[in-house]
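Here is the structure we will look at, set down as structure tokens.
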Amino acid sequence: MGLGSLFKRGKKKEKTEEIEDCHIDINVEDCDGCEKCTIACPNNVLIIIDDVSSVRDSQVCKSCRVCVAICPNDCITVN
Ligand code: SF4
Ligand code: SF4
């Protein structure tokens, strides 16, 4: 029995990564660019651009809503 037959027996597990469909809204009118959300976000989703918070990469958002909780101006909504 060759090694090849051993490997064939093992079932290939399909790797599936769930990407949550996360939608982040930032009210830039009320944002003062304090950076609290960008520092608090554990996934580095947010970034300050032109003195307001912006979404850098919504695909890595885990909808934990830490940013929502920390924003002093209630600018962020995560659906
Ligand atoms: S919900 Fe969580 S992961 Fe998404 S942007 Fe806010 S702090 Fe980051
Ligand atoms: S915490 Fe709120 S006010 Fe501060 S940068 Fe983020 S969105 Fe703007």
Out of (1) at pLDDT below 95; (2) of a type in the set (A, V, I, L, M, F, W, C); (3) within 11 Å of the chain's Cα centre (by Cα), what's the single condition that is false for residue 3? (3)
Search region 64-75 for residues being more than 10 Å from ligand 2 (Cβ to nearest atom) and surrounded by 15 or more Cβ atoms within 10 Å (Cβ to Cβ), and hand back the single one that is nearest to residue 33 (Cα to Cα). 66
Yes or no: residue 39 closer than 18 Å to residue 72 by Cβ, of a type in the set (A, V, I, L, M) and surrounded by fewer than 15 Cβ atoms within 10 Å (Cβ to Cβ)? yes
When the residues of region 22-79 are narrowed to those that are of a type in the set (D, E, K, R) and more than 12 Å from ligand 1 (Cβ to nearest atom), which ends up nearest to the chain's Cα centre (by Cα)? 35
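The values are calculated or read from the model by the stated rules, or taken from the named source; none is laboratory data. As the structure is a prediction and not an experimental result, all values here were calculated from the model. For neighbour counting, all protein chains shown are included, and Cβ atoms are generated from backbone atoms with ideal geometry for every residue, glycine included.
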